[in-house]
Amino acid sequence: MDGLYELEDFSYMESEGVYPVERDSLLLFRAFCSVIDGKRNIIDMGCGTGILTLKAARSGLEVVSIDREPRALASLRANLDKNGLSSSIFLSDLFEGVPNSFRNWADLAAFNPPYLEGVLKTGYRRRELALLGGIDPAAISRRFLRDVRNYLSEKGVVLMIVDRKWKTELLDPDGYYGEKVVIESADMEGEILDAVLMKPRNGK
């Protein structure tokens, strides 16, 4: 573990090989805190160190925490244990390993996807590896938006970090999402990021 940090009403540690809490993480966290009132069931996709999971669990909510990296889930478990909290944890590439019992379950699903264009190469630092989404960085976000609707409750919503460069093509690729509200924005090393709350249209 690399260090102990305090955030809101919990503490967390960052681990070697796991994306640290950066400005984009805090952008999503602030937006998350502003919209969780009235929610019961939360999906934290790409949970990493777990600050969203920790906030939701501390607030008494049920949480499903998902990441494709075993090191991230090990870090999350350590942080949950440190705070005396729990969540349902799945090692999964997006929803591939999430049980069907969580379909139509979530009131809120949050995701900070890779948003930078670039191919992963040996020697990149951990934060670069987490941010790079290949030659089409919006593809992961499109997959998430396509599949997450199966896991949302009737009134469920999505909160996601979106790079403004990909915003137009990404947010409404198939006419599924209706209301889209930008909660907060930030500049991440020249990339303008929006934390966007999306309300699915009826008939999902």
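Okay, here's what the table says:
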item	result
Cut-off 10 Å between beta-carbons: net charge of the residues surrounding A31, Lys and Arg +1, Asp and Glu -1	-1
For the range 71-114 versus the range 6-20, the gap between their alpha-carbon centres in whole angstrom	16 Å
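None of the figures in this text is laboratory data; all of them are computed from the coordinates on show. None of the values given here were measured: they were computed from a predicted structure. Please note: Cβ atoms are built from the backbone with ideal geometry, for glycine as well, and neighbour counts cover all protein chains shown.
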